[in-house]
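Asker: This is the structure, below, for whatever I ask next.
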Amino acid sequence: MFPHVRIGAGRTVRWAAMALVALFSLSGCLIKPHALNKEDVKARMVKDFQAISSVEEPVVGPISLYEAVARALKYNLDAKVKTIQVQLAHQQLNIAHYSLLPQLSANAGFDGRNNFAGGVGQSIVTGRQAVEPFTSAEKNIVSGNLALSWDVLDFGLSFVRAQQAADNVMIAEEEKRRIAVRLVQEVRSAYWRAVSAERVLPRIQFLNESVTKALTSAQRIVDQKLQAPLTPLNYQRDLLNTQREVRRLFREFSTAKTQLASMMGLPPGTPFDLVIPPRETVVPVINLDSEKMEEQALMLRPELRAIDYKKRINAKEVKAVFLELFPSLKVSFGGYYNSNSFLFYQNWLTYAAQVSWNLLSVFRTPAKLKAIEAHGHMLDAQSMALSLSILTEVHVGAAQFVHAKEEYQDARNYQRTQAAIVEHTKNMWITQRTNDLTLIREQVNDVAADVRLDAARSGLETAYATLMASLGEEAVPAAPGEQSLAQLADSIRQYWEPSGFTMSEEERSSAGHAIPVAQ
C-alpha cells in the first residue's frame, strides 16, 4: 500500500525540521549587543540642544509675573512631559474603546504542492485496498474568508478595562495639575528673588565703592594715630560685617534669574528684563482659618485625588474578577471562498456559537480577591499618610507665612527708620556737624536695610506661594495650552484678581481678616 510514498514523506519532514532548527540556531547566534556609536550620540545631542535652544515665542519686552507663569505653564519641560502623559492616557482610553467592538477578520491564502493530495481506502475486515487512489483537491488552491466574531465575556471585561482607562486619564490630569501648582509656586518665588536682585544691584555697587573708601580713610586714621586705634577698628569691623551680610543676601538672589529662565523654558543665557514692581506694595492677606484650610487642602490636593481614582480602579478590578467566573459565549458569522473545483460549493456562509468555561478560574478567584483587598488597604494607608503629611504642610506653611509677614513688617519699619537717619545725617554733614565716615556708615546701613527689606519681601512671597501650594489652590485657568502666551498671561491676571493671588497695589486692596493659625 504505497510504502515508498510514506518513506519519502518521512524524509521530507525530517529534512524540513532540520532546516528549521538550523535557521533558528543561526538567527540566535547572529544577535549580539552593541553600544551606541559616537554618531548616534552626537545626533541625539544636536537634536536635543536645538530643541532646548529654540524659543517658540521670543521675549519682546520686560517679563511680568503673569507672563513668567504663562511661559512656565506653556514651555516648561516638566509641564510638557505631564501634558504628553495626559495625551497618552487619552490615546490608551481610545484603544480601550475599540476593544469593545466585535472582531472582523479578513483572510486570504494560497496552498500549492508539486503533486496531487491523494489517498486510498482499506477494508477493515480483510485489510485489502478497497478503492483506487483518488484525490479531492487541486494542486493549487486559493481561499479566503470574511468572519465576524464576538465574545460576550470579553466585551464585559473590555468595558471594565475601558472604565479603568478613563480613571487613568483623570490620574494623569491630576498629576498635570500638581505640576502646574508646583510651577506657580516656584516661579513666584524665583520671580520675586530675581526682582530683588535687579533692584539691589546698583546699590551693591555703591556699597562696595563706599565701603572701600571708608575703610581706606579709617586705616589712614589708624596709621597716622589721629584717634585711639580701637575706635576706627570698630568702625572697620562694623562696615565689613554689613558688607558681608549684604553680599551673602545678594548671592542668594543672584541665581534666581537663571532659575526663572529655566522654569520658563528659556535657553540658558537668554537675556531678558523683569517688570520691577514698587517696593511698597500691599502684602498678601489670607484667611488663616485652620479648619477651612485643612478642609480645602484635603479636598483640592491633586495627590489625594489621584489616590481616590486609584481606589476606584481597584474597586472595578473586583467586577473584572467576578466576570471571569462566568462562561465565555462566543458567536461568529462569516463568508468563505475556496477555488478547489472538486468542492460542490465554492462559496458558503457559516454561523456558530460556542460556550467555554475555565473551571479552574473558581480556584484562582479567592487569591485574586485577597490581592485586590490588600491593594485597597495599601491605598487607604497611603491616603491617610498623605493626608497627615498635607495637614502638616498646611500648618507649617501657615506658621511660616505669619513669621515671614512679621519679618517683612519689621524690615520695612527698620528701612523707614534707617532712611530717616540717613536724611538727618546728610543734613548734619551739609552743615559740617558730622564727618564723612559717619555719613558713609549710615549710607551703607541704608543699603543693607534696603537689601534686608527685599529679602524679607521675597521670603514673604515664597511663604505665600508655599502656603497656596499646600492648600491645592487652583492657580491657573483651565486649558492653558489652547491659548497664546499673551492670552494666557491676561487670563492668569484676570483669574488671580478675584481670588487675591495678585499682590499689586493697583490691582488688589487690603482686607484685614487674617487669623493667625500659628497660635
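The values are calculated or read from the model by the stated rules, or taken from the named source; none is laboratory data. Just so you know, these numbers come straight off a predicted model, no measurement behind them. For neighbour counting, all protein chains shown are included, and Cβ atoms are generated from backbone atoms with ideal geometry for every residue, glycine included. Accessible surface areas use protein heavy atoms only, side chains included; no ligands, DNA or RNA. Shrake-Rupley method; radii C 1.70, N 1.55, O 1.52, S 1.80 Å.
Asker: In terms of modelled amide H atoms, which long-range or inter-chain residues lie less than 5 Å from the amide H of Trp357?
Answerer: Excluding prolines and chain starts, which carry no amide H, the hits are Ser328.
Asker: DSSP loop GluC sites (Glu not before Pro) in the range 276-309 with at most 13 other Cβ atoms within 10 Å of their Cβ, which ones?
Answerer: Answer in residue order: Glu280.
Asker: Could you report the accessible area of Asp40 in Å², rounded to 10, computed with a 1.4 Å probe on the protein chains as they sit in the structure?
Answerer: 80
Asker: Quantify, in whole percent, the carbon and sulfur part of the accessible surface of the chain (1.4 Å probe; protein heavy atoms only).
Answerer: In the chain, the share of accessible area belonging to carbon and sulfur is 60 percent.
Asker: In addition: Ranked from highest to lowest mean number of other Cβ atoms within 10 Å per residue, what is the order of the peptides 357-368, 456-467?
Answerer: The packing order, highest mean first, is 456-467, 357-368.
Asker: Here is a follow-up. What order do you get for 126-133, 258-265 when each peptide is scored by the mean count of other beta carbon atoms within 10 Å, highest first?
Answerer: 258-265, 126-133
Asker: For Trp429, Trp192, write out the residues from largest to smallest accessible area, computed with a 1.4 angstrom probe and no ligands counted.
Answerer: The ranking, largest first, comes out as Trp429, Trp192.
Asker: Simple spin-label model, 7 Å along Cα-to-Cβ: Asn208 to Leu360 in nm?
Answerer: Output for this residue pair reads 7.8 nm.
Asker: For Ser341, what accessible surface area do you get with a 1.4 Å probe? Give it in Å², rounded to 10.
Answerer: Spelled out: Ser341, probe radius 1.4 Å, area about 70 Å².
Asker: Could you calculate the FRET efficiency of Leu485 with Gln432 from 1/(1 + (r/R0)^6), where r is the beta carbon distance between them and R0 is 60 Å, rounded to 0.05?
Answerer: So, using R0 = 60 Å, E works out to roughly 0.55.
Asker: In nanometres, what is the gap between the two model label sites at Val396 and Leu36, each 7 Å from Cα along Cα-to-Cβ?
Answerer: If labels sit at Val396 and Leu36, their model points lie 3.7 nm apart.
Asker: Within 10 Å of each candidate Cβ there may be at most 16 other Cβ atoms; applying that plus a DSSP loop requirement, which trypsin sites (Lys or Arg not before Pro) in the range 275-355 survive?
Answerer: Arg279
Asker: Helix-only estimate, please: 222 nm mean residue ellipticity of the chain, summing -39500 (n - 2.57) across DSSP H runs of length 4 or more and dividing by its residues, to the nearest 500.
Answerer: Calculated mean residue ellipticity at 222 nm is -23000 deg cm²/dmol.
Asker: Per-residue accessible area for Leu36 at 1.4 Å probe radius, Å² rounded to 10?
Answerer: 130
Asker: Something else now. Tell me, what is the percent relative contact order of the chain, built from C-alpha pairs under 8 Å that lie six or more residues apart?
Answerer: Answer for the chain is 23 percent.
Asker: How many percent of DSSP beta bridges within the chain run antiparallel, rounded to 5?
Answerer: 95
Asker: Now a separate question. How long is the gain from Phe134 to Leu77 if the chain were fully straight, where each residue apart is worth 0.36 nm and the alpha carbon distance is subtracted?
Answerer: 13.2 nm
Asker: Still on this structure, I have one more. Over the range 36-181, what is the relative contact order in whole percent, taking alpha-carbon pairs under 8 Å and six or more residues apart?
Answerer: 29
Asker: Further question on the same structure: Assuming R0 = 60 Å, can you tell me the calculated FRET efficiency for the pair Ser217 and Asp380, based on Cβ-Cβ distance, to the nearest 0.05?
Answerer: Result of the calculation: an efficiency of 0.25.
Asker: Also, quick follow-up: Answer with a single label: of (1) 41; (2) 28; (3) 64, which was calculated as percent of Cα pairs over 35 Å apart from the structure in view?
Answerer: After the calculation, the listed value that fits is (3).
Asker: How much length would be gained if the chain were fully extended between Ala228 and Tyr337, taking 0.36 nm per residue of separation minus their Cα-Cα distance, in nm to one decimal?
Answerer: Extending this stretch completely gives an extra 27.5 nm.
Asker: What ³J(HN,Hα) values, in whole Hz, does the Karplus curve 6.51 cos²θ - 1.76 cosθ + 1.60 give for the range 363-372 when θ = phi - 60°, with x put for Gly and Pro?
Answerer: 7, 7, 4, x, 5, 5, 5, 5, 5, 5
Asker: With a 1.4 Å probe and every protein chain left in place, work out the accessible area per residue of the chain in Å², rounded to a whole number.
Answerer: 61
Asker: According to a simple spin-label model (label point 7 Å from Cα along Cα-to-Cβ), what is the distance in nm between Asp289 and Leu148?
Answerer: About 6.1 nm separates the two model spin labels.
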